[in-house]
1. Looking only at the range 40-57, how many residues end up being more than 16 Å from the ligand (Cβ to nearest atom) and open to solvent by 60 Å² or more (accessible area, probe 1.4 Å)?
2. Could you list all residues from the range 87-101 that are within 15 Å of the ligand (Cβ to nearest atom), out of contact with any Ser or Thr (no Cβ under 9 Å at 6 or more places or on another chain) and not in a strand (DSSP E or B)?
3. Would you call Lys80 modelled with pLDDT under 95 and either more than 16 Å from the ligand (Cβ to nearest atom) or not hydrophobic (A, V, I, L, M, F, W, C) (or both)?
4. Starting from the range 59-75, take each residue that is touching a residue at least 24 places away in the same chain (Cβ under 8 Å) and within 16 Å of the ligand (Cβ to nearest atom) and list its partners that are open to solvent by less than 50 Å² (accessible area, probe 1.4 Å) and part of a helix (DSSP H, G or I), counting only C-beta distances under 7 angstrom and pairs at least six apart or across chains.
5. Just give me the residues in the range 173-201 being farther than 22 Å from Ser89 by Cβ and touching a residue at least 60 places away in the same chain (Cβ under 8 Å), in sequence order.
6. Considering only residues that are among the aromatic types (Phe, Trp, Tyr) and within 15 Å of the ligand (Cβ to nearest atom), which ones fall in the range 155-211?
7. Looking at the structure I just gave you, is Ile10 out of contact with any helix residue (DSSP H, G or I) (no Cβ under 9 Å at 6 or more places or on another chain) and more than 16 Å from the ligand (Cβ to nearest atom)?
8. Which residue pairs have Cβ atoms closer than 9 Å, lie 6 or more positions apart in sequence or on different chains, and pair a first residue in the range 151-172 that is in contact (Cβ under 8 Å) with a residue 60 or more places away in the chain with a second residue that is open to solvent by 50 Å² or more (accessible area, probe 1.4 Å) and of a type in the set (A, V, I, L, M)?
Amino acid sequence: MKSVSEIVQIGPVIPVLTFESVEQGKQVVHALYQGGIKVLEITLRTAVGLQVIKHAAQFSSDIVVGVGTLTTVDQIEKAKRAGAIFGVSPGLTSDLHLAAKDIGLPLLPGVMTPSDILFALSLGYDIVKFFPAQQAGGLEMLKAFRGPFPTLRFCPTGGITKELARSFLSLPNVVCVGGSWLTPHTAITAQNWGEVTRLAHAASQLARANI
Ligand code: 3PG
């Protein structure tokens, strides 16, 4: 079982993906992989999420598939069965923490406030998702978190663009960033998989200060 610390080192950007159909999911996963993306998050915001996770998990032995938008315990069991290697949640509850631990699914929990962080630290997390990053204070908020929480590392997600990604990744407490900018709506509806590969390639080349 890979730890979250190992998983976030795989690439500087974790695409956050929501699909309308299994076929669309297959095409996007392929296009991202062609661009060098080896770790990704497939959300359960649509009904096809679990099926795409299943496909992506079998697509290549070097792809690490995460399940995103985990909010309930039963989603954790289903996603693990579908082949998810790690889980991402917009927040954190004791139930989610215990379920992920019991089943052996490494969890990247979401935080937005110092109290959220204290709760995550109390459960032993040393890497958390900062969500929604841009809306919750962005770069300045992460700089401010460094004072009281010097050892905590973040994966900011939410509102991040390809321009902002570079700035987030230059912060010493940022290990990777998450976002949907690699799969713009226009490219997906036009089935412009080449554009997805191009954006993925650019993202996978981004430097980070923390690694
Ligand atoms: C997430 O759930 O992590 C976000 O919706 C991704 O945010 P973005 O679409 O603003 O990149």
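1. Here is the first cut: in the range 40-57, the residues more than 16 Å from the ligand (Cβ to nearest atom) are 47-48, 50-51, 54-57.
Still in the running and open to solvent by 60 Å² or more (accessible area, probe 1.4 Å): 47, 51, 54.
Within the range 40-57, residues that are more than 16 Å from the ligand (Cβ to nearest atom) and open to solvent by 60 Å² or more (accessible area, probe 1.4 Å) number 3.
2. The one that is within 15 Å of the ligand (Cβ to nearest atom), out of contact with any Ser or Thr (no Cβ under 9 Å at 6 or more places or on another chain) and not in a strand (DSSP E or B): Leu92.
3. Details: modelled with pLDDT under 95: no; either more than 16 Å from the ligand (Cβ to nearest atom) or not hydrophobic (A, V, I, L, M, F, W, C) (or both): yes.
For Lys80, the condition - modelled with pLDDT under 95 and either more than 16 Å from the ligand (Cβ to nearest atom) or not hydrophobic (A, V, I, L, M, F, W, C) (or both) - is not met.
4. From residues that are touching a residue at least 24 places away in the same chain (Cβ under 8 Å) and within 16 Å of the ligand (Cβ to nearest atom), the pairs are Val65/Ile53; Val65/Ala56; Val65/Ala57; Val67/Ile53; Val67/Ala79; Leu70/Ile76; Leu70/Leu96.
5. Our first condition is that a residue be farther than 22 Å from Ser89 by Cβ; within the range 173-201, this holds for 184-201.
Within the range 173-201, Ile188, Gln191, Trp193, Gly194, Val196, Thr197, Arg198, Leu199, Ala200, His201 meet the criteria.
6. As a first pass, look at the range 155-211 and keep what is among the aromatic types (Phe, Trp, Tyr): 168, 181, 193.
Phe168, Trp181, listed by residue number.
7. Values: out of contact with any helix residue (DSSP H, G or I) (no Cβ under 9 Å at 6 or more places or on another chain): yes; more than 16 Å from the ligand (Cβ to nearest atom): yes.
Here the answer is yes, as Ile10 does meet what is asked.
8. Filtered contacts from the range 151-172: Leu169/Ala207; Leu169/Ala209.
The values are calculated or read from the model by the stated rules, or taken from the named source; none is laboratory data. As the structure is a computational prediction, the values presented were derived from the model and not from experiment. Here Cβ is always computed from backbone atoms with ideal geometry, including for glycine, and neighbour counts include all displayed protein chains. Just so you know, the surface numbers come from the protein's heavy atoms only, side chains and all, with ligands and any DNA or RNA stripped out. Shrake-Rupley method; radii C 1.70, N 1.55, O 1.52, S 1.80 Å.
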